[in-house]
Amino acid sequence: MNENAVDLWLTRFDAALKAGDVAGAVELFRPDAAWRDLLAFTWNIVTLEGPARIAAMLGDCLSRTTPTGWHRVGPAESDGEAASAWITFTTATAQGTGRLTLRDGLADVLFTAIADLTGHEEKRGATRPKGIVHEASRTRETWSEARTRRRAQLGAEEQPQVLIIGGGQGGLALAARLKALNVPALVVEKNPRAGDSWRNRYRSLVLHDPVWYDHLPYIPFPAHWPVFCPKDQMGDWLEAYALALDLDLWLSSSVESAVWQGDRWEVTVQRPEGTTTLRPVELVFATGAYGPPRAIDWPGAESFAGTLLHSSAYQDGRAFAGKRALVVGAASSAHDVAVDLWEAGAEVTLIQRSSTCVVRSETLMDLGFDIYSEEAVARGIDVDRADLLSAATPFSRFTDGQRALYQRIRARDADFYARLAASGMQLDFGEDDSGLMMKALRTASGYYIDVGASELIATGQIGIIAGHGVARVVPEGVVLDDGRTVAADVVVACTGYQSMHRTVAGIVSDTAAEAVGPCWGIGSGVRGDPGPWLGELRNMWKPTAVKNLWFHGGNLALSRFYSRHVALQLKARMEGLPVTVWGGPDQRGA
């Protein structure tokens, strides 16, 4: 019955779209339906909520998209109230994939995405390149000779189509996707080695997300890889990844400026051998999920007799053994720095300015990663299928699921939270109790996956002063906003970072940065994520208000999945496909 219902809906939807019957197509959706589209109809990343929004998009996009061939792939699934199935379709320019969820015979959620550009598919599997013609030739050029020639020409005789700023997981994943699509791309990385963005962080850092969630495109981690990867091992993996996939990187190089010159960028790059000018068509900022560190602007900071530094500059606590250490902040970096200092033998106090969402790692692994796990793999849900499952849930629907998840977490770990609260720590689960993941999407701040710090806080081995911030700095320590002076030999300001668009200000211009507006956040209306509601992350992985300027970033999982969609957009433009963006840049709520 479920499969019949899905097939019937797809047949009726296909017929309405072929007939140009927008009203008839919209009638197939529930009044509260949501349609999430990744490029297939809109050449944008958009969630449409409600019939009016769906009708507006179809009215503008249907005639040029010409979707057809809607079919179910595999069996339908049921949770008792809804039927869901994977689907395929084609458009004028692409092969599409997606997922449909029905309730009472009408679409509750529709997810559509480009799987491949027709005529410009990745050469993979049976269509992979041969690599060499087996024949004798006196003009033979070996693979290594061809690579040397290509790299010598890049930036001189040959210009990259795409210049990627940043050689962390985001930049390398995107470069790998572009290479698979035969789009010339160059990564510029300021550090001497690929992966140094991980190696240079504090010595005890270990990924908080599990290995099944962290795979990179094309080369998954080996089956024996640790569940939680240490930062130096992650750095080495990124370096090996770039080497194995033959990605083009300029290391120890920094982008000094970028100016749009009519049909391409003029980019000044400082390299060890001197200054070079590049002229790419597309410019991608892949500098992480954040922009520059927030400046330490406490009055009197210059008077401090000890060591005062931002967490971005913190690497090792061993120099502070036996010292009094204050860590200002109470999110992930603050907890990790506090533990590192404690392990080094410092006397550590955490200054918690506002409440924190804390989740035990073990609990989150058990309850929060059901589609990214060894058990999921055994059920046939590999990382690519898990990514699509995750993407098929609009953020508005994701919130309800996360709220239910955190009710279970709080009940399961009630004793843990009681002990932590008794230490004086202030806890929250978001303004609407939707927990850590929604905080990550809305503000990318205010949370911690507990990998050891909470026990130290609960037992008093790391002190905590909650509900107060730093008013000023004095030679002997800091003065809090309640007038107390707290003595310290070292103060680490885990006070966060600016939005990614501020990186644009330093390279392109303040005007460009302001035109783009802030990155990240979905317009939820909570503190740090002002409305109006957007339903998608601001400015991430899609066209921005500045021509040919893109942002790509996030954790390993987001970098893996959305690198494909950024690459498809750039490939389509390079090939001159008819790209018309619907919805516009969304930082102002458009």
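Starting from residues that are in contact with an Asp or Glu (Cβ under 8 Å, 6 or more places away or on another chain) and in a helix (DSSP H, G or I), keep the ones in the stretch 523-567 and report whichever is nearest to Glu49 (Cα to Cα). Looking at residues that are in contact with an Asp or Glu (Cβ under 8 Å, 6 or more places away or on another chain) and in a helix (DSSP H, G or I), I get Phe561.
In the stretch 542-561, what count of residues is obtained for those that are of a type in the set (Phe, Trp, Tyr) and either farther than 18 Å from Ala392 by Cα or open to solvent by less than 10 Å² (accessible area, probe 1.4 Å) (or both)? Residues meeting the conditions: 2.
If you check Asp413 against the conditions, is it in contact (Cβ under 8 Å) with a residue 12 or more places away in the chain, acidic (Asp, Glu) and touching a Phe, Trp or Tyr at 6+ places or on another chain (Cβ under 7 Å)? No. For the stretch 302-317, a residue qualifies if it is closer than 16 Å to Ala488 by Cα, surrounded by fewer than 23 Cβ atoms within 10 Å (Cβ to Cβ) and either out of contact with any strand residue (DSSP E or B) (no Cβ under 7 Å at 6 or more places or on another chain) or not hydroxyl-bearing (Ser, Thr, Tyr) (or both), and the qualifying residues are Glu302, Phe304, Ala305, Gly306, Leu308, Leu309, His310.
For the stretch 171-181, the count of residues that are open to solvent by 50 Å² or more (accessible area, probe 1.4 Å), touching a residue at least 40 places away in the same chain (Cβ under 8 Å), of a type in the set (A, V, I, L, M, F, W, C) and assigned to a helix (DSSP H, G or I) is zero. Is it fair to say Leu243 is open to solvent by less than 20 Å² (accessible area, probe 1.4 Å), more than 16 Å from Ala386 (Cα to Cα), of a type in the set (A, V, I, L, M) and at pLDDT 95 or above? Considered against the rule, which asks whether it is open to solvent by less than 20 Å² (accessible area, probe 1.4 Å), more than 16 Å from Ala386 (Cα to Cα), of a type in the set (A, V, I, L, M) and at pLDDT 95 or above, Leu243 comes out as no.
The set of residues from the stretch 75-93 being open to solvent by 40 Å² or more (accessible area, probe 1.4 Å) and touching a strand residue (DSSP E or B) at 6+ places or on another chain (Cβ under 6 Å) comprises Glu77, Thr88, Thr90.
What pairs come up if the first residue lies in the stretch 118-145 and is among the small types (Gly, Ala, Ser), the second is part of a helix (DSSP H, G or I) and open to solvent by 100 Å² or more (accessible area, probe 1.4 Å), and their beta carbons are under 8 Å apart, counting only those six or more places apart or on different chains? From residues that are among the small types (Gly, Ala, Ser), the pairs are Gly131/Trp143.
Being more than 19 Å from the chain's Cα centre (by Cα) and crowded, with 17+ Cβ neighbours inside 10 Å holds for only one residue in Arg410, Arg379, and it is Arg410.
Answer with yes or no whether Val133 is over 30 Å from Leu48 (Cα atoms), over 23 Å from the mean Cα position of the chain (by Cα) and modelled with pLDDT under 95. So Val133 passes the test. Among the residues of the stretch 113-155, just one is in contact with a Lys or Arg (Cβ under 8 Å, 6 or more places away or on another chain), open to solvent by 60 Å² or more (accessible area, probe 1.4 Å) and not charged (D, E, K, R), namely Pro129.
Looking only at the stretch 441-470, residues that are free of Cβ contacts under 8 Å to residues at least 60 places away in the same chain and hydrophobic (A, V, I, L, M, F, W, C) come to 1 in all. Residues in the stretch 38-91 that are outside any loop (DSSP other than H, G, I, E, B), of a type in the set (Ser, Thr, Tyr) and under 21 Å from Val22 (Cβ atoms): Thr47, Ser63, Thr65, Thr68, Thr90. Does Arg99 satisfy the condition of being among the basic types (Lys, Arg), open to solvent by 10 Å² or more (accessible area, probe 1.4 Å) and touching a residue at least 24 places away in the same chain (Cβ under 8 Å)? So Arg99 fits the description; yes.
Residue count for the stretch 354-376 under the criterion of being part of a helix (DSSP H, G or I) and within 21 Å of the chain's Cα centre (by Cα): the result is 3.
The values are calculated or read from the model by the stated rules, or taken from the named source; none is laboratory data. Bear in mind the structure is a predicted one, so any value in this text is a computation, not a measurement. Glycine gets a Cβ as well: all are built from the backbone with ideal geometry, and neighbour counts include every protein chain shown. For the accessible areas, the whole protein counts, side chains as well, though only heavy atoms, and no ligand, DNA or RNA atoms are used. Shrake-Rupley method; radii C 1.70, N 1.55, O 1.52, S 1.80 Å.
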